[in-house]
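What follows is one structure encoded as structure tokens, with my remarks underneath.
The values are calculated or read from the model by the stated rules, or taken from the named source; none is laboratory data. Here the structure is a predicted model, which means the values were calculated and not measured. Cβ placement follows ideal geometry from the backbone for every residue including glycine, while neighbour counts extend to all protein chains displayed. For accessibility, only protein heavy atoms count, side chains too; no ligands or nucleic acids. Shrake-Rupley method; radii C 1.70, N 1.55, O 1.52, S 1.80 Å.
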Amino acid sequence: MNFTKPNVWIRFARLAQITNSTNMGQGFPDWEPPKFYKELLVKHINDPKVNHQYSRAFGNPNLINAISKDYGKYFNREINPLTEISVSAGGCAILYNSLTSLLNQGDEAVFIEPFYECYFPQSTFSKAKITGIPLIPPKLRNKSEYSGITVDKLQTKIKDDWGFDFKKFEAALNDKTKIVIINSPNNPTGKIYTMDELTEIANIIKKKAPNALVISDEVYEHIYYDDHSFFPRMANVPGMWDRTVSVYSAGKIFSCTGLRVGWAIGPEEIIRCLNTIQQYNAFCMYEPVQNTIADCLTAMDKPYEGFPTYLDWYRNTYNLSRNHMINGLANKATLFDKKEWKMDFWMPEGSYFIVGDISNADFQQKHALEGDDLATTKYSKDFSYAINLAYEKKVNITPLSVFYTPENKHYGDKYIRFSFCKKLSTIDDAINKFH
Ligand code: PMP
């Protein structure tokens, strides 16, 4: 693994800057965090009694108690705040603490592809063997099928379900498998695993990989659309609580991805492992920030902006953006009918991404990333497409081959990802450039 180059997020953020592109690449909302978040942040920073020094390494009492109360509802059990929760610097640091503490040399890990790019480098630190199992893409639809999806009609019956390859999954598991990572709602496909799928996955794990634990990355837990009224969690599958660590992110819930607070929930034996890394990693999070998130977790159940709760407003906001983006791609983005930009796309049922399929695009590599020489660098198709788009149309997107293991990158180089966690005006701006 080559760690000498900056990763895709750093390089493509720079590309957006250099080309002055509308940024539909990295997944950060371009709207303000909720009003209560800012008020609480100011209140807690100014609190004369607040502690500005080191605090409890695994989460301060206010935050862990609030998490325990909130997630007790979702898991339908009492969660011990001191032993079953670990807090760190965002979902990313929780994943780092999990993967570095739970995986050792000689162990094996199975990732369902496409997956959030950090999993792979974080796992290679332990020199574990990683096997990727690609999801099966849905059939492509004619764009006209999406063209009726508008912001007036939030729900749609259209379901583009990425299939789970149970056979390949079963064949990849064995006694050495220590970790299986599932991400639902999924970045980047938007897939939400059903309880039946999770149960079948759990049964296979119990049968074939008795030593395996599941990291269930659920950072988009509250973003689901259409006929979903809740989102199924792996730890709720009978028998899975004891072998699952669930991962969450304040940045995703409160549209503040720069704040860096995340938490893991799971049985004491697993949480203890994460804590051993946390004490040598970030050590602790800043107390005024932890107090803010603790109060936000309570405030989110109250009415907000005319909605029964903040989470209802939040889901509605994402739903509007999803529909606006899909409708724009289907109706107004004529660019993607042209040979060199040919693209089809799928409808997500959760999270805030749309995957586009560029297999039929036929074009030349015309531009390079900063630091690369165009004449001597040969990019994969998805990279080359995304770089061309930034330079020529001024819209920044993400290539998908980075969401696959090195062996399976060829699956990903046919795809790109749009993030639609953007204001309707930003989406309009991007769509207007797609001509
Ligand atoms: N998991 C997934 C699936 C993600 O998409 C992200 C962020 N893009 C994270 C974890 C990390 O979250 P955080 O920003 O809290 O580190």
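Based on C-alpha pairs under 8 angstrom that are at least 6 apart in sequence, the range 75-196 has a relative contact order of 29 percent. The mean accessible area for residues of the range 256-398, using a 1.4 Å probe and ignoring ligands and nucleic acids, is 37 Å² per residue. For the pair the range 245-308 and the range 341-396, the centres of their Cα atoms are 34 angstrom apart.
Structural descriptor for the range 276-376: relative contact order 13 percent, calculated from alpha carbon pairs under 8 angstrom and at least 6 residues apart. Its Cα gyration tensor gives the chain an equivalent ellipsoid, and the semi-axes of that ellipsoid, as √(5λ) in whole Å with the largest first, are 33, 26, 22. In the chain, the calculated helix contribution to ellipticity at 222 nm averages -11000 deg cm²/dmol per residue, counting -39,500 (n - 2.57) for every DSSP H run with n ≥ 4.
In the complete set of protein chains, residue-level accessible area for L374 is approximately 70 Å², probe 1.4 angstrom. Electrostatic bookkeeping for N331 treats Lys and Arg as +1 and Asp and Glu as -1; over the other residues with beta carbon under 13 Å from its beta carbon, the sum is -1. Residues R260, R272, R11, R233, ordered by accessible area of protein heavy atoms at a 1.4 angstrom probe radius and largest first, appear as R272, R260, R11, R233. Give the separation of the Cα centroids, the range 82-128 to the range 138-164, in Å. Computed from Cα coordinates, the inter-centre distance equals 33 Å. Across the chain, the relative contact order, built from alpha-carbon pairs under 8 Å that are at least six residues apart, equals 25 percent.
Convex hull of alpha carbon positions in the range 132-188: directionally averaged projected area 5.5 nm². Quotient of the Cα radius of gyration of the range 308-435 and 2.2 N^0.38 Å, N being its number of residues: 1.12.
Which three semi-axes in whole Å describe the equivalent ellipsoid of the range 360-416, each the square root of 5 times a Cα gyration tensor eigenvalue, listed largest first?
Equivalent ellipsoid of the range 360-416: 18, 13, 11 Å, largest first.
Sequentially through the range 47-56, phi angles give Karplus couplings (6.51, -1.76, 1.60; θ = phi - 60°) of 5, x, 8, 6, 8, 9, 9, 3, 9, 3 Hz, Gly and Pro residues having no value and appearing as x. With respect to the chain, whose longest principal axis is taken over its alpha-carbon atoms, helix 381-393 is tilted by about 70°. Using a Förster distance of 22 angstrom, determine the FRET efficiency expected from the C-beta separation of K168 and K206, and round it to 0.05. It comes to 0.75. Computed from Cα positions, the angle between helix 268-278 and the longest principal axis of the chain comes to roughly 70 degrees. Once Rh for the range 240-389 is found with the Kirkwood sum over Cα pairs, what is the Stokes-Einstein diffusion coefficient at 4 °C and 1.567 mPa s, in µm²/s? Result for D is 65 µm²/s. Working from the Cα coordinates of the range 1-109, the gyration tensor eigenvalues give, after taking √(5λ), semi-axes of 31, 26, 15 Å in decreasing order. Taking all protein chains together and rolling a 1.4 Å probe, C284 ends up with roughly 30 Å² accessible. Of the trypsin sites (Lys or Arg not before Pro) found in the range 347-435, those that fall in a DSSP loop while having at most 12 other beta-carbon atoms within 10 Å are K366, K378. Charge tally around N291: other residues with Cβ under 10 Å, Lys/Arg +1 each, Asp/Glu -1 each, net -2.
Could you tell me whether the range 38-197 comes out rounded, prolate or oblate from its Cα gyration tensor? Rule is a ≥ b ≥ c as square roots of the eigenvalues, rounded for a/c under 1.5, then prolate if a/b exceeds b/c, otherwise oblate. Oblate.
Taking Lys and Arg as +1 and Asp and Glu as -1, the other residues whose beta-carbon sits under 11 Å from that of L213 total -1. Relative to the dominant Cα principal axis of the chain, helix 90-102 is inclined by about 70°. The calculated P(r) of the range 185-310, using every Cα pair and 10 Å bins from 0, goes 11, 34, 36, 17, 2 in percent.
Among beta bridges identified by DSSP and lying wholly in the range 215-345, the antiparallel ones come to about 60 percent.
Take each peptide in 144-151, 319-326, count the other Cβ atoms within 10 Å of every residue, and average; sorted highest first, the result is 319-326, 144-151. Of the residues P308, P348, P48, which exhibits the maximal mean-square fluctuation in a Gaussian network model of the chain defined by a 10 Å Cα contact cut-off? Greatest mean-square fluctuation among the candidates belongs to P48. Size descriptors for the range 301-371: radius of gyration and Dmax over Cα atoms are 17.5, 53 Å. Accessible surface area normalised per residue over the range 45-116 is 43 Å², counting heavy atoms of protein chains with a 1.4 Å rolling probe.
Given their separation in residues at 0.36 nm each and the Cα-Cα distance between them, R14 and N51 gain 9.7 nm when the chain is fully extended. Rolling a 1.4 angstrom probe over the range 74-201 with all protein chains present gives an accessible area of which 51% lies on carbon and sulfur atoms.
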